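Here is the structure we will look at, set down as structure tokens.
Since every read-out is calculated from the coordinates, none of them should be taken as a lab result. Just so it is clear, the model here is predicted, and its values are computed rather than measured. Methodologically, a virtual Cβ is constructed for each residue, glycine included, from the backbone with ideal geometry; neighbour enumeration extends over all protein chains shown.
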Amino acid sequence: MRSEEFSESFSTIAPYYDTLMSFIDYESWVEYIERILVLYRKSDRMILDLACGTGVCLELWHERGYQVIGLDRSLSMLKQCHKRFLNKNRDRMALINGDMRDFALKQPVPIITCLYDSLNYLLNEEELDQCFNNVRRILAQNGLFIFDMNTIHCLRDEWGNNTYYRQDSDINSVWTNQFNKTTNISSLELILKIKVNGTYETVREFHQERGYPLVTIARFLKKVGFTFSLYQHLTFNPACERDIRIMGVAELC
């Protein structure tokens with residue numbers, strides 16, 4: 001359970017999120033997804049990104065000529081995403097404040113993505129099923145749903161029950177993880193000390209991610225009518241439980 005001193009996930013760290021995630025090679029993620037589109041012979045140029053966050057990938061796709069739609073339930077993260085597009089062509093982009101478990105669009109979209117373990121924030125099977133069903137309703141016929149997820153191995157054995165200390169620019173952070181073997185849920189208490197004008201401000205957030213067996217992910221994809229493949233992240237090799245992160249490509253045929 002979240003302590004009262006810790007804010008809800010993505011409610012207060014939004015202004016600092018890109019600094020904390022600066023080590024991620026988002027460009028390679030976008031290039032990999034474009035390779036998926038080539039492999040699956042998709043030429044559509046419209047992408048809906050669920051849990052888009054601050055919009056790094058949206059911006060990269062936008063620069064490559066895609067029409068982009070970003071959806072996130074955190075207004076704080078969407079505010080940062082909006083800033084990213086202030087000086088860009090707004091005709092090919094839209095932002096929506098919504099929940100990936102329950103959202104609606106005026107028309108189907110051909111490509112839906114959900115990246116950087118956002119699906120792991122769905123903490124029970126019912127929520128995962130709701131999300132997959134909603135994607136199924138919004139995705140155009142012959143469309144692709146492309147997503148990644150952290151594995152149980154990642155949450156249990158890589159993150160485990162550990163505390164990590166980091167420094168990124170003017171941000172000192174403490175990451176304290178605890179893994180529950182019964183629920184496969186990893187709980188993170190994140191504390192940021194941000195240097196502002198010579199003094200430090202403190203931000204505390206609580207995050208939880210659940211790992212799902214690959215057979216469970218496959219079962220729910222099948223249930224809603226997808227044909228799909230699960231890959232090792234950034235490859236086209238079959239995924240396995242010992243991978244840290246997996247990539248899913250689900251097609252609506």
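The table below lists the values:
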{"read-out": "Under 29 Å from the Cα of residue 222 - lysines, other chains or at least 8 residues apart", "value": "42, 106, 181"}
{"read-out": "Charge dipole (debye, nearest 20) of the chain; +1 at Cβ of Lys and Arg, -1 at Cβ of Asp and Glu", "value": "640 debye"}
{"read-out": "Sorted by Cβ density within 10 Å, fewest first, the residues 47, 13", "value": "13, 47"}
{"read-out": "Within straight-line cross-link reach of residue 195, aspartates and glutamates at Cα separation under 13 Å, skipping those fewer than 8 residues along the same chain", "value": "168, 170"}
{"read-out": "Alpha carbon centroid spacing (whole Å) that separates the stretch 155-226 from the stretch 74-114", "value": "24 Å"}
{"read-out": "Under 15 Å from the residue 158 label point (7 Å along Cα→beta-carbon), backbone N, the stretch 17-36", "value": "23-26, 29"}
{"read-out": "Extension gain from residue 63 to residue 141, taking 0.36 nm per residue of separation minus the Cα-Cα distance", "value": "25.5 nm"}
{"read-out": "Taking the stretch 30-175 and dividing mean pair separation by its residue count, relative contact order in percent (alpha carbons under 8 Å, at least six apart)", "value": "20 percent"}
{"read-out": "Burial ordering of 163, 182, fewest other beta-carbon atoms within 10 Å first", "value": "182, 163"}
{"read-out": "Cut-off 20 Å (backbone N to label point 7 Å along Cα→Cβ of residue 242), residues of the stretch 150-189", "value": "150-160"}
{"read-out": "Top of 39, 95, 20 by mean-square fluctuation, Gaussian network on the chain, Cα under 10 Å", "value": "39"}
{"read-out": "DSSP beta bridge pairing in the chain, given as percent antiparallel to the nearest 5", "value": "65 percent"}
{"read-out": "Overall form of the stretch 106-253 per C-alpha gyration tensor (a/c, 1.5; a/b vs b/c)", "value": "prolate"}
{"read-out": "Ascending count of other beta-carbon atoms within 10 Å, so fewest first, for 203, 30", "value": "203, 30"}
